[in-house]
Amino acid sequence: MMLKRLKEGIDGLRERAGVPVRACAQQADVERRGQHLTLYHRPTCPFCMRVFIALARLDVPVPRRNITTDAAARNELVASGGRQQVPCLRIEASEETRWLYESADIIAYLEEQFGTTD
């Protein structure tokens, strides 16, 4: 009973903050699908910050690779994605890997995939 009230209180705070409130099974699915994504970024990049905010608002955990401190990530981004531009979202689907650049495009993709419809 106490845990139920606590969850309801947290869900209320999340709703007021604009964060989706999902059932446990739905959130587990979001987390599973988020593991098929990787965000390449630089911590000081303002466009990367926009994507970080969208990920937090949508409550989507996505692995991140900092190309400033991780040379392997930087090399992978250039070799496979074709550019050293961040933010870049690597999307792994079936047998295909897609590299999505531009913060507005990344946010639109995240909204389409993980946004809630009221």
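The values are calculated or read from the model by the stated rules, or taken from the named source; none is laboratory data. Model, not experiment: these values are computed from the prediction. Cβ sites come from the backbone with ideal geometry, for glycine too, and all protein chains shown count toward neighbours.
A few points about this structure:
- The conditions of being surrounded by 18 or more Cβ atoms within 10 Å (Cβ to Cβ), of a type outside the set (Phe, Trp, Tyr) and in contact with a Lys or Arg (Cβ under 6 Å, 6 or more places away or on another chain) are met by residue 39.
Residue by residue, here is whether (1) within 23 Å of residue 95 (Cα to Cα); (2) touching a Cys at 6+ places or on another chain (Cβ under 9 Å); (3) modelled with pLDDT of 85 or more; (4) aliphatic (A, V, I, L, M) holds:
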site: 22; (1), (2), (3), (4): no, no, no, no
site: 25; (1), (2), (3), (4): no, no, no, yes
site: 33; (1), (2), (3), (4): yes, no, no, no
site: 39; (1), (2), (3), (4): yes, yes, yes, yes
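- When the range 89-113 is limited to residues that are among the polar types (S, T, N, Q) and not in a strand (DSSP E or B), the one that is nearest to residue 36 (Cα to Cα) turns out to be 94.
- The single condition among (1) assigned to a loop (DSSP other than H, G, I, E, B); (2) at pLDDT 95 or above that residue 72 does not satisfy is (1).
- Across the range 100-110, the qualifying residues are those that are at pLDDT 95 or above and buried (at least 16 other Cβ atoms within 10 Å of the Cβ), and the one among them that is nearest to residue 58 (Cα to Cα) is 107.
- The one condition from (1) modelled with pLDDT of 90 or more; (2) closer than 15 Å to residue 109 by Cα; (3) β-branched (Val, Ile, Thr); (4) surrounded by 13 or more Cβ atoms within 10 Å (Cβ to Cβ) that residue 60 does not meet is (1).
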